[in-house]
Each structure stands twice: as C-alpha cells, then as structure tokens.
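Here is the structure we will look at.
The values are calculated or read from the model by the stated rules, or taken from the named source; none is laboratory data. Model, not experiment: these values are computed from the prediction. Here the Cβ positions follow ideal geometry from the backbone for every residue, glycine too, while neighbour counts run over all protein chains shown. Heads up: the accessible areas ignore ligands, DNA and RNA and are worked out on the full protein's heavy atoms, side chains in. Shrake-Rupley method; radii C 1.70, N 1.55, O 1.52, S 1.80 Å.
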Amino acid sequence: MARIVDTLFASIMGLVLFGLILARPGFAPGQARTAAAPQPMSTATPPVPDDTARLPGLDLSHYQGDVDWTVIAGAGVTFAFAKASDGITCTDPKWVRNANGAASAGVPLGGYHFYQPKDDPAKQAAHFLSVLAGQPTRLPPVVDLERSPVAGQEDSYRRDVEDFLALVEQGTGCAPILYASPSF
C-alpha cells in the first residue's frame, strides 16, 4: 500500500490541479462556484506552482485496485481526484467505492471524465453527470484530455470540448477543470 501511496503522491494531475483550484477566484472547497459564462479554452500553458505551494494529492482509477482510504488520509493526502467515467458508456468500476471511501476518511474528492474525441460531447456530458449524481464529491469536476484530435479537426474538437464543459458546468453549477499535459 505504501508503494501505491508514494506513486500516487507523485501524480502531476493532483499536484497541479489543486494549485489551479486554489488560484480560481471565488472558489471555496466544498462549495459550488458559478460563472457568468464559460471562458474559451486557453492555449497558454498555466504556470506550475513551486515546490512550497504543493499539497499531497492523488489521481486514481480502477488501475490502482482497492485502496485503503483510512491509510491514505493518515498518510497526509489532502485531496484526491478519481476517475468516474470514460466516453459515453464506461463507468470506472472503482468510482463508487472511491467516492464513498474518500468521504468516510474525510479526504475531499472530485470526479474526472476521460474525454473521447470520437464520442458525442453531449452524450459524454450526460453520462459523466449521471455517474457523479448522488456521490459525495467536494471538488470541481475534471475533464481529462489525453486523446488528440484528428489532424485538421482541431477546431471541431475544441468546439466539442467547449460544449462538453458548458453542459457539465450547467449540470453541476461549477466550472470544470481541464487536465492535460503542457504539450497537449
């Protein structure tokens, strides 16, 4: 278990995302944040907080198996993001267990959706929202962008992602966080 916790501590997603959450004006953990209108996606690379600004957090999915949330909380983990859904039909098989385990251990949790460029963005948003519904999350929803658009279809991809984000924000009352590598 210690190896899993050590590996997950090193997760760039968790470390960078929490820095971005803290930087959002008006965001208070555990409360929904609303915005007047979704902002267009930026092509600028966000700054990475220096080492003194980092807090230990996790990014996990079914690939980590059954985790012991009491051990994770005792190890000083201050937040976690867990995979909730993927595309239009896949629900992470550990999502409900992770959401309930994090809540029981007092670890603030947010769910993330693995975005599939070939799937309809409205159907993906509806699936993600249905998976999040009723689960004890305290952090904003996240969209994980790892699959690149087909060459020449970047504008269409961007519009689809913006549609997805708007639907998730409308459904949750909270602007989603984008997770992507700086080179994406």
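Odds and ends about this structure:
- Restricting attention to region 124-137, the residues that are on the phi < 0 side of the Ramachandran plot and either exposed (fewer than 15 other Cβ atoms within 10 Å of the Cβ) or touching a Cys at 6+ places or on another chain (Cβ under 7 Å) (or both) add up to 3.
- Pair list, Cβ under 6 Å, 6 or more apart: region 134-158 residue touching a residue at least 60 places away in the same chain (Cβ under 8 Å), other residue assigned to a loop (DSSP other than H, G, I, E, B) and crowded, with 19+ Cβ neighbours inside 10 Å: R138/P108; L139/P108; P140/C174
- Test result for L109, crowded, with 16+ Cβ neighbours inside 10 Å and within 24 Å of E162 (Cα to Cα): yes
- Count of region 90-127 residues which are closer than 20 Å to S148 by Cα and out of contact with any Leu (no Cβ under 8 Å at 6 or more places or on another chain): 11
- In the set (1) open to solvent by less than 50 Å² (accessible area, probe 1.4 Å); (2) within 20 Å of G173 (Cβ to Cβ); (3) at pLDDT below 95, the condition left unmet by P117 is number (2).
- Residues in region 61-93 that are under 20 Å from V142 (Cβ atoms) and open to solvent by 50 Å² or more (accessible area, probe 1.4 Å): H62, Y63, Q64, T78, I88, T89, C90, T91, P93.
- Of all residues making up region 83-136, the number that are under 16 Å from the mean Cα position of the chain (by Cα) and assigned to a loop (DSSP other than H, G, I, E, B): 10
- Being surrounded by fewer than 14 Cβ atoms within 10 Å (Cβ to Cβ), at pLDDT 95 or above and farther than 19 Å from D92 by Cα is a description that does not apply to G171.
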